[in-house]
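Report on one structure; see the data block that follows.
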Amino acid sequence: MELMPPFRKLYLRVSVTDRCNLRCLYCRTGNGRNFVERDHLLSDEDILELVRLVKEALPIYKLRVTGGDPLVRPNLSRLIGRLRVLLPNVELAITTNGLLLSRLAKDLKKAGLDSINVSLDTLNPLDFGTITGVGALSEVQEGILAAKSSGFKKIKLNAVLLRSFNGDSLSELALFSNALGCELRMIELMPIGIARNHFEQEFMSGNEALEKLSEHFGSPVHLGLSGTARRYLFSCEGRRIPIGIITTISEPFCTRCDRLRLDARGWLYPCLHDYEGIDLLMLLKNEKRDLVKQRIRTAHSEKKNPVLEWTSLQMVRIGG
């Protein structure tokens, strides 16, 4: 298998919890209670020390806090503030379902958070309840508005492409996002964990989504790449509507992926295809800091081409 060339900088995604207050059909099994024991989750000090070692091993240009839903972690704003001090020149971002955002947005902004991605697959309350297991669409919308009023300039709305739920309403999501000054990111469904049960029925490619949007708005202008997203600019009644499409399945972007994921137990995953991570926390507890940095460099330099199988681990276990 061909090895990819090493990247000069790193985009680190850090899961701070595997817990979530939603039970999305493509993310968590059963009643959602199969959590990692709290004693096995990273403490704030563990997270900060591991991030510090990553920083010493490779320059970090962006750190995204993920979960589960990171907002359910107690005192998250305090952790964000400490990460801001540790990484003063690094973009700090977070991905959340938005359910608790209305009460935490101001504190997160004060702590030094730069940007927020909010998961929002549909504007239909019934479909939202079916997808997430919770009838809380209005709370998520309130959270987005709270983030805007708290001064966040960079807010993206993430929509997983689901044929039965948003395949015919992508233009509505685009207009809603644009009206709030947010950019919509459409993400192809990945057959990870429980999502395998829905993949055949629900998968919609990014190109099909692009065609549907073009039927509604007309042909877009291709804006090029932004990270893993292909960005397009649509026009509607004088409004400019940028949209990003992440084609993980139909057009894999492994050759330009510079991400590493640290899960909430302290395991490092170079790729979402990986069944087994690298237990950095164990090495840290055994005072093997140089080995931690070596493992980080090796994982980053040996990122591989796509493989045929996807992990059976749940997405909340690895970090979204």
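Could you work out what % of the accessible surface of the chain is carbon and sulfur, using a 1.4 angstrom probe and leaving DNA, RNA and ligands out of the count? Carbon plus sulfur share of accessible area: 49 percent.
Could you tell me which of the pairs LYS156/LYS285; LYS153/LYS285; LYS55/LYS109 are separated by over 30 angstrom between their Cα atoms in the structure shown?
Numbers: LYS156/LYS285 37 Å; LYS153/LYS285 39 Å; LYS55/LYS109 23 Å.
Pairs exceeding the cut-off: LYS156/LYS285; LYS153/LYS285.
Counting only alpha carbon atoms, the long axis of helix 170-179 and the longest principal axis of the chain meet at about 80°. At the listed q of 0.12, 0.13 Å⁻¹, the Debye profile of the chain, built from one uniform point per Cα, gives log10 I(q)/I(0) equal to -0.82, -0.97.
Using Cα atoms only, what is the angle between the long axis of helix 101-111 and the major principal axis of the chain, expressed in degrees (0 to 90) to the nearest 10? So the helix axis and the longest Cα principal axis differ by about 50 degrees.
Between the helical axis of 137-149 and the longest alpha-carbon principal axis of the chain there is an angle of about 70 degrees. The listed peptides 44-57, 235-248, ordered by packing as a protection proxy, come out as 44-57, 235-248 (highest mean of other Cβ atoms within 10 Å first). Solvent exposure of the chain, expressed per residue, is 45 Å² of accessible area, with all protein chains present and a 1.4 angstrom probe.
A cysteine counts as unpartnered when no other cysteine's C-beta lies under 4.7 Å of its own; in the chain this applies to CYS20, CYS182, CYS236, CYS254, CYS257, CYS271. The H on the amide N of LEU223, modeled in the peptide plane, is under 5 Å from the matching H of ARG231, TYR232, LEU233, each at least 5 residues off or on a different chain.
Packing, taken as the mean count of other beta carbons within 10 Å per residue, orders the peptides 186-198, 123-135 from highest to lowest as 186-198, 123-135.
Taking Cα pairs under 8 Å and at least six residues apart, what relative contact order does region 145-195 come out at, in percent?
Working: 41 pairs, mean separation 22.3, N = 51.
Rounded, it is 44 percent for region 145-195.
The values are calculated or read from the model by the stated rules, or taken from the named source; none is laboratory data. Worth saying up front: this structure is predicted, and the values here are computed from it rather than measured. Note: ideal-geometry Cβ built from the backbone for every residue, glycine included; neighbour counts use all protein chains shown. To get the accessible areas, we keep the full protein, side chains included, count just its heavy atoms, and leave off ligands, DNA and RNA. Shrake-Rupley method; radii C 1.70, N 1.55, O 1.52, S 1.80 Å.
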